[in-house]
1. Can you tell which of 117, 75 is touching a residue at least 40 places away in the same chain (Cβ under 8 Å) and on the phi < 0 side of the Ramachandran plot?
2. Would you please list the contacts, defined by Cβ atoms under 8 Å and residues six or more apart or on different chains, that run from a residue in region 98-112 that is in contact (Cβ under 8 Å) with a residue 12 or more places away in the chain to a residue that is surrounded by 11 or more Cβ atoms within 10 Å (Cβ to Cβ) and of a type in the set (Asp, Glu)?
3. Quick one: which residue in 103, 75, 117 is modelled with pLDDT of 90 or more and either open to solvent by less than 100 Å² (accessible area, probe 1.4 Å) or among the hydrophobic types (A, V, I, L, M, F, W, C) (or both)?
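The values are calculated or read from the model by the stated rules, or taken from the named source; none is laboratory data. Remember, predicted model here, so these are calculated numbers, not experimental data. Note that each Cβ is placed from the backbone with ideal geometry, even for glycine, and that neighbours are counted across all protein chains shown. These area figures cover heavy atoms from the full protein model, side chains too; ligands, DNA and RNA do not enter into them. Shrake-Rupley method; radii C 1.70, N 1.55, O 1.52, S 1.80 Å.
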Amino acid sequence: MTFGCYFEKHCLNMRFEAKRCGVCFRPPSIVLIYENTETNKVRKRIIPVRNFSRYSDHSLAAERLKNHPRHKDYLQGVSQNQLERLHVILRDHLQGFTLEHSLASLQVAPDEDLNKLDDDELARKKSHMDELFERNRTHREDPDFVYDLEVDFGKVADEKCSWDEESDDEF
């Protein structure tokens, strides 16, 4: 019997420091590896995902799990976006998709046309882009922060189009 699992590193909590967070397919559950900051012991917590089907809303399920009284102390340091991503991976598995397909759908390819995506897929991509932006953003408190940074990207040659030439004649 094989157990499919996927893990990501993440976040801090007051009493618990989340080291890794992932999903296990059988049984459907969120797996949290955390360190108890009072005792410095590393532990694993398996959180079952109940009443979740391939038609379930991943954001609502993640929010319910994060606010569950039994698990909220452990999941306080795990971001809502990460829990949503893990629920998306779990839902994709229930729909018959592979783990590779789920992970690829969470990534944004530079040449991908986002106008052709459905609403759920677009929300997934935007959520991932927002998280990447927040991770890469420099704050004023950061030591490498530079105020009014100017970057020269070089001169890009203007392309000529036939409609540009036609509109010049009209004026």
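1. Answer to the selection: 75.
2. 102/92; 105/92; 105/121
3. Sole residue among the options that is modelled with pLDDT of 90 or more and either open to solvent by less than 100 Å² (accessible area, probe 1.4 Å) or among the hydrophobic types (A, V, I, L, M, F, W, C) (or both): 75.
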